[in-house]
Amino acid sequence: MKELTIVSGKGGTGKTSVTAALAALAGDLVLCDNDVDAANLHLLAAPSEREHHVFMGGWQAHVDEESCSACGLCADNCHFDAFVPTPEGKYQVVPSLCEGCRLCERLCPEQAISSAQSDNNQWFVSDSRFGTVLHARMGPGEENSGKLVSTLRKKARELALQEGRKWILNDGPPGIGCATIASLTGADAVLVVVEASRTGWHDAKRVITLAQGFHLPVFILINKADIHPGITAQIELEVAEAGLPLLGKLSFDRTMVEAMLEGLTLTEYAPESEGALQLQAVWQGLVQKLDVATS
C-alpha cells in the first residue's frame, strides 16, 4: 500500500481537482480530504455518509459570574485580551478572542472559570464512486486541525488495510501550517501542484522545503502551465536545478470547468481531452516513479 499526499503552496492551484481526477484513474484506493479547514473534495466525490463522528476541538473558557469576585486577575494576565468587564463589574469571555490556553482557569482564586472543549467539528467515513472517502467539517474559527488530520489519516490507513487497497490519496491543505505538517508525516511521497504564477511558485518552494524536511520523495506538477509561459519556463529550470522530478504540465482547459459543473472529474467527463490525457500521463509517471522511490 502506498500513501501519496497532494499539496500546494497556495490555495486555488487546482490541487483538489487534480486529486479527484487522479483518484478516478487510480481505483483501488481510500481517499482522504486533509484540507479540514476548507474541505471541498466532497463536492466532486459526492460521498454517501457511512459513519459520523464528533471531533473535540480547542478549549473555550467560561466565567460563572455568580462566583466571580471581580478581582481582574483573568483580564490582567490574559495574553489575548479575551476578558471584558460586564455592566455589573464582573468579567466575561469574548469567545472569538479566547485561545484556550486555560491560564485563567488556573489563576482564578474563586475557581469561577472553567473550560470545555468545542464539539463543533465532525468527521465522516463515506462511500463514493472512487471508494471509501474520509472527510471532515470544522466550525468557523475552530482549532486543532492538525490533530483532526491525523485522526482522518489514521482511520484511512486502518480502512485501506481492511479493504486491501493499494493506494491512499490525501488531498492536503495549501500552505505550510499544522494541517499540512500532519498531512505529510508518515506519507510515502508528496505531489506538489504548482500554479504557473510568481506567487504560486514562491509558495510552492516553501512547501517543497517542508516536505524535504521529512525526507519524502517530492514530485512536481505545473498546473495551468500555459497561462504564463515565461514563469513556467523559470519553474522548469529551477525544478531541474533542484533535481526534482517534473511529472508534467497541465494546460488551462475549459473542459475542466464543464466537468466540475457536472460534478465529475476531467478524466471522467472527457477522457480524450487534452487535459485528461495529460493527467493520465501524470498518473502513469507517478506510479512508476513512486515504485522506484519507495522500493
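The values are calculated or read from the model by the stated rules, or taken from the named source; none is laboratory data. This one's a predicted model, so the numbers in the text were calculated from it and none came from an experiment. Reconstructed Cβ throughout: ideal geometry from the backbone, glycine too, with neighbour counts over all protein chains shown.
Among the residues of segment 107-114, is there at least one that is surrounded by fewer than 19 Cβ atoms within 10 Å (Cβ to Cβ), among the small types (Gly, Ala, Ser) and modelled with pLDDT of 95 or more?
Here is the first cut: in segment 107-114, the ones surrounded by fewer than 19 Cβ atoms within 10 Å (Cβ to Cβ) are 107, 109-111, 114.
Narrowing the set further to residues that are among the small types (Gly, Ala, Ser) leaves 114.
Still in the running and modelled with pLDDT of 95 or more: 114.
Yes.
For segment 178-195, which residues satisfy the criterion of being free of Cβ contacts under 8 Å to residues at least 40 places away in the same chain and either surrounded by 24 or more Cβ atoms within 10 Å (Cβ to Cβ) or not hydrophobic (A, V, I, L, M, F, W, C) (or both)?
So the first thing to find is which residues in segment 178-195 are free of Cβ contacts under 8 Å to residues at least 40 places away in the same chain, and the list is 178, 181, 185.
If the condition is that a residue be free of Cβ contacts under 8 Å to residues at least 40 places away in the same chain and either surrounded by 24 or more Cβ atoms within 10 Å (Cβ to Cβ) or not hydrophobic (A, V, I, L, M, F, W, C) (or both), then Thr185 is the only one that fits.
Filter segment 247-278 down to the residues that are within 15 Å of Val18 (Cα to Cα) and among the aliphatic types (A, V, I, L, M) and list them by number.
Within segment 247-278, Leu247, Leu250, Met256, Val257, Ala259, Met260, Leu264, Leu266, Ala270, Ala276, Leu277 qualify.
Just to be sure before I move on: is Glu99 modelled with pLDDT under 95 and not assigned by TED's automatic domain parsing to the domain that holds Pro47 in the structure I sent?
Yes; evaluated as a whole, the condition is true for this residue.
Suppose the filter is touching a residue at least 12 places away in the same chain (Cβ under 8 Å), touching a His at 6+ places or on another chain (Cβ under 8 Å) and among the small types (Gly, Ala, Ser); does Ser114 pass it? If you could, list the steps in order and put the result at the bottom.
On the way: touching a residue at least 12 places away in the same chain (Cβ under 8 Å): yes; touching a His at 6+ places or on another chain (Cβ under 8 Å): yes; among the small types (Gly, Ala, Ser): yes.
Against the criterion (touching a residue at least 12 places away in the same chain (Cβ under 8 Å), touching a His at 6+ places or on another chain (Cβ under 8 Å) and among the small types (Gly, Ala, Ser)), Ser114 qualifies.
From the residues in segment 107-141 that are of a type in the set (Val, Ile, Thr) and either part of a loop (DSSP other than H, G, I, E, B) or under 30 Å from Arg165 (Cα atoms) (or both), which one is nearest to the chain's Cα centre (by Cα)? Working first, answer last.
The first filter runs over segment 107-141 and keeps only residues of a type in the set (Val, Ile, Thr), leaving 113, 125, 132-133.
Now restrict to residues that are either part of a loop (DSSP other than H, G, I, E, B) or under 30 Å from Arg165 (Cα atoms) (or both): 125, 132-133.
Details: Val125: 16, Thr132: 17, Val133: 14 Å.
Out of the qualifying residues, it is Val133.
Do we have Gly164 as without any contact (Cβ under 8 Å) to a residue 12 or more places away in the chain and at positive phi here?
Values: without any contact (Cβ under 8 Å) to a residue 12 or more places away in the chain: yes; at positive phi: yes.
Yes, satisfied.
Look through segment 157-175, keep the residues that are touching a strand residue (DSSP E or B) at 6+ places or on another chain (Cβ under 9 Å) and part of a loop (DSSP other than H, G, I, E, B), and return whichever of them is surrounded by the most Cβ atoms within 10 Å (Cβ to Cβ).
To start, the set of residues in segment 157-175 that are touching a strand residue (DSSP E or B) at 6+ places or on another chain (Cβ under 9 Å) comprises 157, 159-160, 163, 165-175.
Those left that are additionally part of a loop (DSSP other than H, G, I, E, B): 165-166, 175.
Values: Arg165: 21, Lys166: 13, Gly175: 19.
So the residue we want is Arg165.
Of the residues Ala61, Ala70, which is surrounded by 14 or more Cβ atoms within 10 Å (Cβ to Cβ) and not in a loop (DSSP other than H, G, I, E, B)?
Ala61
Do we find a residue being part of a helix (DSSP H, G or I), polar (S, T, N, Q) and surrounded by fewer than 19 Cβ atoms within 10 Å (Cβ to Cβ) anywhere in segment 237-257? First the steps, then the outcome.
Taking segment 237-257 and keeping what is part of a helix (DSSP H, G or I), we get 237-241, 254-257.
Now narrow it down to the ones that are polar (S, T, N, Q): 255.
Keeping just the survivors that are surrounded by fewer than 19 Cβ atoms within 10 Å (Cβ to Cβ) gives 255.
Yes, there is a match, as at least one residue in segment 237-257 is part of a helix (DSSP H, G or I), polar (S, T, N, Q) and surrounded by fewer than 19 Cβ atoms within 10 Å (Cβ to Cβ).
Can you tell me which residue within segment 16-52, out of those that are among the acidic types (Asp, Glu) and over 13 Å from Thr132 (Cα atoms), is surrounded by the fewest Cβ atoms within 10 Å (Cβ to Cβ)?
Filtering first and then ranking leaves Asp37.
Among the residues of segment 206-235, what is the count of those that are assigned to a helix (DSSP H, G or I) and either surrounded by fewer than 16 Cβ atoms within 10 Å (Cβ to Cβ) or β-branched (Val, Ile, Thr) (or both)? Don't jump to the end; show me each part of the working.
Quick first cut of segment 206-235, residues assigned to a helix (DSSP H, G or I) only: 206-213, 225-227, 229-235.
Narrowing further to those that are either surrounded by fewer than 16 Cβ atoms within 10 Å (Cβ to Cβ) or β-branched (Val, Ile, Thr) (or both): 206-209, 212-213, 226-227, 229-235.
Count: 15.
Of the residues Pro271, Pro217, Pro245, Pro229, which is out of contact with any helix residue (DSSP H, G or I) (no Cβ under 9 Å at 6 or more places or on another chain) and over 28 Å from Glu143 (Cα atoms)? Can you show your working first?
Working: Pro271 fails: out of contact with any helix residue (DSSP H, G or I) (no Cβ under 9 Å at 6 or more places or on another chain); Pro217 fails: out of contact with any helix residue (DSSP H, G or I) (no Cβ under 9 Å at 6 or more places or on another chain); Pro245 fails: out of contact with any helix residue (DSSP H, G or I) (no Cβ under 9 Å at 6 or more places or on another chain).
Of the residues listed, the single one that is out of contact with any helix residue (DSSP H, G or I) (no Cβ under 9 Å at 6 or more places or on another chain) and over 28 Å from Glu143 (Cα atoms) is Pro229.
Do any residues in segment 45-74 that are in the same structural domain as Tyr91 (by TED's automatic domain parsing) have Cβ atoms under 9 Å from those of residues that are of a type in the set (Lys, Arg) and part of a strand (DSSP E or B), where the two are at least six apart or on different chains, and which pairs are they?
none
So Ser17 fits all but one of (1) in contact with a Pro (Cβ under 8 Å, 6 or more places away or on another chain); (2) within 20 Å of Leu266 (Cα to Cα); (3) of a type outside the set (A, V, I, L, M); what number is the exception?
(1)
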